[in-house]
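Input: a single structure, listed below in structure tokens.
The values are calculated or read from the model by the stated rules, or taken from the named source; none is laboratory data. Quantities reported herein were computed from a predicted structural model and do not represent experimental measurements. Here the Cβ positions follow ideal geometry from the backbone for every residue, glycine too, while neighbour counts run over all protein chains shown. Just the protein is used for accessible areas: all its heavy atoms, side chains included, with ligands, DNA and RNA removed. Shrake-Rupley method; radii C 1.70, N 1.55, O 1.52, S 1.80 Å.
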Amino acid sequence: MIADITDWEVGQETKHEMFLVKSVADGTIFTMPAGDAKMAVGFEFQHNKAETRVATGKFSLLPSMPYASNSRAVKSLFAEVKVPFATFLELAGSLRYDHYSDFGGSTTPNLGFTCKPASWLKVFGHWGTSYNAPTAYD
């Protein structure tokens, strides 16, 4: 009986692989009296793969268990614009679109401002949405 208890394990082995390519272009798009308006655009490609196996039983059972696996590809486009409307006020906006190979797309906007009415005071805020997809295995 004691031998059965001491020769028992709950084990899990997980492997994750990720391939990522990202490219961004940015720069001034026009000049205003308060400064340069800037823009950044880019794309991203990810391929994720996850494999896992779980065993409950006698020691050395885990290596004999098969892996359960899943993978996902994500293609993304994104852009951001910052415009200085006055020496003390800058507005920004961004948009990101992600397309997941296993369940479709998601669009996430973001709007923000930075106001610096005095050298010792900076007020900023933003509104946005976000989405964090579960892993390929989840």
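Of the solvent-accessible surface of the chain, computed with a 1.4 Å probe and all protein chains present, 60% belongs to carbon and sulfur. A Förster radius of 30 Å, combined with the Cβ-Cβ distance separating F124 from S69, puts the computed FRET efficiency at roughly 0.10. Accessible area per residue for the chain, computed on protein heavy atoms with a 1.4 Å probe, is 70 Å².
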